[in-house]
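Here is the structure we will look at, set down as structure tokens.
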């Protein structure tokens with residue numbers, strides 16, 4: 001990389017990181033305001049979930065215990081300073097540290113997301129390439145019809161349908177939970193379903209677009225083999241795909257809420273839904289903050305990677 005390009009990348013990274021800081025502050029403020037916007041008194045909720053009669057004296061005592069008697073901005077500053085140190089407070093339901101609850105549920109969600117990502121890569125890439133190579137064939141038309149259906153069908157409906165077929169009728173996989181090694185197959189496939197259709201279409205369209213470029217015409221004129229030409233077409237089509245794939249990683253983690261609840265998967269999404277039903281505000285706050293930060297950080301990494309990968313972005317800057 002040339003000196004000018006290295007200088008650009010350094011300054012580009014610094015600017016992107018500086019722009020992220022106010023965004024993170026805004027996200028943290030929004031997550032904290034969730035308690036204030038709730039029509040329920042957090043102190044009363046904390047008493048009720050622990051089966052304590054919410055008398056006026058008990059509510060006052062609980063508000064003091066939770067620090068709710070302090071001014072709003074004082075509470076926000078204290079909360080954000082604690083969050084920076086990894087302290088998200090304690091759950092209203094079991095009084096356990098929220099960070100500990102997340103760390104116990106996070107491995108299951110990451111496991112589900114990684115298997116879903118493997119499905120996405122190993123299904124969408126070869127099918128997308130074959131559709132581009134055999135553009136207009138019967139197989140291409142069939143796959144495009146599949147893309148339309150897979151994008152239109154809601155994941156919860158497909159999940160219930162596959163549970164009935166593969167678990168209830170055929171007994172091939174468990175209906176829910178992490179009971180066996182094959183328990184992850186159905187939920188991860190449902191989680192990957194929409195992404196598979198999206199990436200098949202993205203890879204196919206990018207390769208078809210690149211087939212019309214001048215470098216392909218010159219390669220054919222030079223007499224290069226078809227396999228080599230498609231290899232170059234595939235490489236030049238990957239930039240946009242990798243960028244989209246990088247942004248899909250936080251979506252897989254944050255978007256697992258429905259799948260985890262359908263399959264009783266003990267992950268972060270199920271923990272959040274349980275917290276919503278119990279009005280466990282500290283866990284809801286932590287979930288909103290962590291997922292938002294995950295999106296922001298992944299977006300930063302994808303932007304920097306795209307600038308490194310594509311010289312045209314550096315030249316434009």
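Read-outs throughout are calculated quantities, based only on the coordinates presented, and are distinct from any laboratory measurement. From a predicted model like this one, the values you see are computed outputs, not experimental measurements. A quick note on method: Cβ atoms are made from the backbone with ideal geometry, for glycine too, and the neighbour counts reach across all protein chains shown.
Using a Förster distance of 51 Å, how high is the FRET efficiency between residue 49 and residue 122, based on the Cβ-Cβ distance and rounded to 0.05? My answer for the efficiency is 0.70.
Over the chain, Cα pairs under 8 Å with separation of 6+ residues give a relative contact order of 25 percent. For the chain, the longest principal axis of the alpha carbon atoms and the long axis of helix 268-278 meet at an angle near 30°. Fewest neighbouring Cβ atoms within 10 Å first, the residues 138, 121, 163 line up as 138, 121, 163. Distance from the C-alpha centroid of segment 17-77 to that of segment 194-219: 50 Å, rounded to the whole angstrom.
Look at 75, 270 and count the other Cβ atoms within 10 Å of each Cβ; fewest to most, that gives 75, 270. Using just its DSSP H runs of length 4 or more, each adding -39500 (n - 2.57), the chain gives a mean residue ellipticity at 222 nm of -25000 deg cm²/dmol after division by all residues. Calculated FRET efficiency, residue 213 to residue 151, Cβ-Cβ distance, R0 = 41 Å: about 0.90 to the nearest 0.05.
Using Cβ counts within 10 Å as a stand-in for footprinting exposure, how do 69, 280, 41 rank, fewest first?
Numbers: 69 11, 280 26, 41 16.
Ranked by crowding around the Cβ, least crowded first: 69, 41, 280.
If R0 is taken as 51 Å, the Cβ-Cβ distance between residue 164 and residue 77 corresponds to a FRET efficiency of 0.50.
May I ask you to compute the full-extension gain from residue 70 to residue 94, defined as 0.36 nm times their residue separation minus their alpha-carbon distance, rounded to one decimal in nm? It would help to have the intermediate numbers written out before the result.
Values: separation 24, 0.36 × 24 = 8.64 nm, distance 2.40 nm.
Stretched out fully, the residue 70 to residue 94 stretch lengthens by 6.2 nm.
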